[in-house]
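Scroll down for the structure; my scribbles are underneath it.
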Amino acid sequence: MEVRFREIDPFNCWIWLRFPMALGQGERGYLETALDSWFFLGKLGGFNAENLQAHEAGAELSWLAWDGGSAAQALPALMHNMSPLEVRGDWARFWVDLGTSDAFGLDVLINTLQCLDRDIVEIEEVLIGGLQEEWPIEEEPDSPFERQGS
C-alpha cells in the first residue's frame, strides 16, 4: 500500500483510496466500520498528542502514575465532521474536517488501513489531501467553519 500526502487543509481534507478492483459489499462494510470508528475516536478527542502519557512511559506500564491534572490541561484536539464513504469503480473517497485533532490521528488511520490491506481488502494507494481530476468535487460537505477565501 502506497501512502502519499498532498496539499492538506485540515478543515477541508479529502482522502482517496485506490483498490485493484471495485470493492465488494463485505469489504466496503469493513472499510466503512473502520472509518466510522476512527472518526468517532477523533470526534471524542482521542487523537491528542499533547496527552500521550502511557506511550511516553515506554515499555514499563505497570503502576503508571496517570496525571489527571496534566491530562485536563491539554488543549482539546477534536475532529469536527466526516462525509460518508463514496465509491466509484476502483476508487473510494471521503472528506474530513480534522478540526484541532493532531496529525497523530492520520497515523492511526494509516496504521488501520495497513491492517485492512494486509488482512481484508487490498489497498493499492492512499492519497491524503488534494483533489482528483478524474473525480471532481461538485459540492464541498458542510463544515462548521468558513474557509478563507470563500
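The values are calculated or read from the model by the stated rules, or taken from the named source; none is laboratory data. A quick note: this is a predicted structure, and the numbers were derived from the prediction, not measured. Here the Cβ positions follow ideal geometry from the backbone for every residue, glycine too, while neighbour counts run over all protein chains shown.
If you go through region 42-59 and keep only what is at pLDDT below 85 and either outside any loop (DSSP other than H, G, I, E, B) or touching a helix residue (DSSP H, G or I) at 6+ places or on another chain (Cβ under 9 Å) (or both), you end up with ALA49, GLU50, ASN51, LEU52, GLN53, ALA54, HIS55, GLU56, ALA57. Residue pairs whose Cβ atoms lie under 6 Å apart, separated by 6 or more positions or on different chains, with the first residue in region 1-13 and under 15 Å from GLY105 (Cβ atoms) and the second of a type in the set (A, V, I, L, M) and in a loop (DSSP other than H, G, I, E, B), are PRO10/LEU98; CYS13/LEU98. Here LEU127 meets the list (1) in contact with a Lys or Arg (Cβ under 7 Å, 6 or more places away or on another chain); (2) at pLDDT below 95; (3) closer than 24 Å to LEU23 by Cα almost entirely, failing just condition (2). In region 45-56, the residues that are in contact (Cβ under 8 Å) with a residue 12 or more places away in the chain reach residues that are of a type in the set (Phe, Trp, Tyr) with C-beta atoms within less than 7 angstrom, at least six apart or across chains, in these pairs: PHE47/PHE104; ALA49/PHE104; GLN53/TRP66. Take ASP117 and decide whether it is modelled with pLDDT of 95 or more, of a type outside the set (S, T, N, Q) and out of contact with any Gly (no Cβ under 8 Å at 6 or more places or on another chain). When the stated conditions are applied, ASP117 passes them. So, ARG88, is that one free of Cβ contacts under 8 Å to residues at least 60 places away in the same chain and closer than 19 Å to GLY130 by Cβ or not? So ARG88 passes the test.
So that you can scan it fast, the table gives a plain yes or no per residue for (1) of a type in the set (Lys, Arg); (2) modelled with pLDDT of 95 or more; (3) out of contact with any Ser or Thr (no Cβ under 6 Å at 6 or more places or on another chain):
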residue	(1), (2), (3)
ARG4	yes, yes, yes
PHE40	no, yes, yes
GLY69	no, no, yes
GLU86	no, yes, yes
ALA92	no, yes, yes
